[in-house]
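Report on the structure given below.
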Amino acid sequence: MFNRRRFLTTSSAATLTTSQLLYGEFPQVAKAAPNERLQVGLVGTAGRAGALLRLFASRQDVDIVGIADIDERRLGAGKQVVSQIEGKEPRAVKDFRHLVDDPNIDILVVGTPDHWHAIPTILACQAGKDVYVEKPDGHNMLEGQRMVQAMKKHNRVVQMGTQARSSGHFKKALELVKTGFLGNVFVAKAWESAKQGNIGRPADSDPPEWVDYDFWLGAAPKRPFNPRRFHGNWRWFFDYGSGDLGNDGVHRIDIARWLLSAAREAAGHPALSNPDRIAAQGGKWHFDDIQEWPDTLHVNYQYDATDKSPGAILTYEMKIWAPYKYYGESEGVILYGEKAYMVVGNRNWTAFHPNGDVIAEGAGSNDGTEHVANFIDCVKSRKKPNADLETVGHPSSILCHSANVAWKLGRQVQLDPVTELFIGDEEANKLRTREEYRKPWKLPTV
């Protein structure tokens, strides 16, 4: 597909502000010559998918030629946004497989709920398309593994939507960590304390007439429609999401893993692989509503010491009822080094001397513009993107899914860092995937 096009050797995202990308009117973008534009199909049109639609449509070297959504109202709104930015309407379909089967589409962008990440990504890889998929990589551990297998087998570029990996100010923080100024780092902590809301206990009802609810459920179990198990709130339920650990926590855990590994390498130790032991304690203690995942959680990921390197602990704390910040950040990461420490927020970072003096700091946007640009550049060059699924996206997703397994079991689990199987633990390994995939849907074999 790609060898028949002449792509731009350089690219630039349209200079839209975050507020323009998310709200209001959108200026029409002057596009490059037709043979210099990548053809993109996008699954999902609202929420994070809506932001991605605007980010991709606003590029000079991209055409949004197809969008898919099970919600007719959202699909219509998506068509209008693309038409406003690109000057023409995209093909609009309910079934994303029409986009997968379209030989003219180069890229599939997957901005769906977690339970719809794996199947479109795998099918797109098998169809010879590159993929930008939101985080975490799949609904469960097996799905993520299968996605990586499809990417590798079909030699595709797959970027996961942990956009901090491409933000310029975070890259500067990484460069500073690589100088070794922290010294040995044995502990890194990530946290979420941004207050969420109570979603109540509304009664089940008939689905809206403009929604194909059965298609939305997909491989998940058949259940009555409930407005709180649907748009916006699906992430709080076992069937569709991975709780706030996989929703916002994956961003913080990914940054912590990224910087902790760099600090260890700067100190002369091997880079981090998957953790050896995972323990998770917590529960749904604050919100009296129909959410299923915990609102309070503490996770320890232990990397055992070896002959070549000391051990390390990465911790994650979730307090999504807290109306106050921690280290000045409602969402953040801290690296505790023997010589200094560093606090990383959602859009800024600060390095501190032990006496509290500021050593260095940085701030910038984290809206995904640079991440999309990196992905497009790598589609053209065939290089690994900044959040390459195999080496970045999937390992960070595994941290979320394995912690959720440990929490469900109420005990520590041991993870084989290579096979991603729980060692000698049949009960835990059963939780690596769904009990069954509801027909006619199934997880594609690779």
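Observations on the model:
- Checking each residue of segment 401-415 against the condition of being over 23 Å from G332 (Cα atoms), in a helix (DSSP H, G or I) and more than 23 Å from the chain's Cα centre (by Cα) gives at least one match.
- Matching residues, segment 59-91, being in contact with a helix residue (DSSP H, G or I) (Cβ under 6 Å, 6 or more places away or on another chain), among the small types (G, A, S) and either assigned to a loop (DSSP other than H, G, I, E, B) or surrounded by fewer than 17 Cβ atoms within 10 Å (Cβ to Cβ) (or both): none
- Tally of residues being free of Cβ contacts under 8 Å to residues at least 40 places away in the same chain and either of a type in the set (A, V, I, L, M) or not assigned by TED's automatic domain parsing to the domain that holds S242 (or both) across segment 270-288: 1
- Any hit, segment 147-155, residues being over 17 Å from the mean Cα position of the chain (by Cα) and part of a loop (DSSP other than H, G, I, E, B): yes
- Applying the condition of being over 20 Å from V177 (Cβ atoms) and in contact with a helix residue (DSSP H, G or I) (Cβ under 6 Å, 6 or more places away or on another chain) to segment 329-368 and asking which residue is surrounded by the most Cβ atoms within 10 Å (Cβ to Cβ) yields G368.
- Unique residue being of a type outside the set (A, V, I, L, M, F, W, C) and either closer than 27 Å to L260 by Cβ or surrounded by fewer than 15 Cβ atoms within 10 Å (Cβ to Cβ) (or both) when the list is N226, N184: N184
- Taking the criterion of being in contact with a Lys or Arg (Cβ under 9 Å, 6 or more places away or on another chain) and in a helix (DSSP H, G or I), the residues of segment 122-146 that qualify are I122, L123, A124, C125, Q126, M141, L142, E143, Q145.
- Residue satisfying all of: in segment 36-58; more than 20 Å from the chain's Cα centre (by Cα) and assigned to a loop (DSSP other than H, G, I, E, B); surrounded by the fewest Cβ atoms within 10 Å (Cβ to Cβ) among these: R37
- Some residue of segment 242-256 being crowded, with 18+ Cβ neighbours inside 10 Å, touching a His at 6+ places or on another chain (Cβ under 8 Å) and in a loop (DSSP other than H, G, I, E, B): yes
The values are calculated or read from the model by the stated rules, or taken from the named source; none is laboratory data. As the structure is a prediction and not an experimental result, all values here were calculated from the model. Don't worry about glycine lacking a Cβ; one is built from the backbone with ideal geometry, like all the others, and counts go over all protein chains shown.
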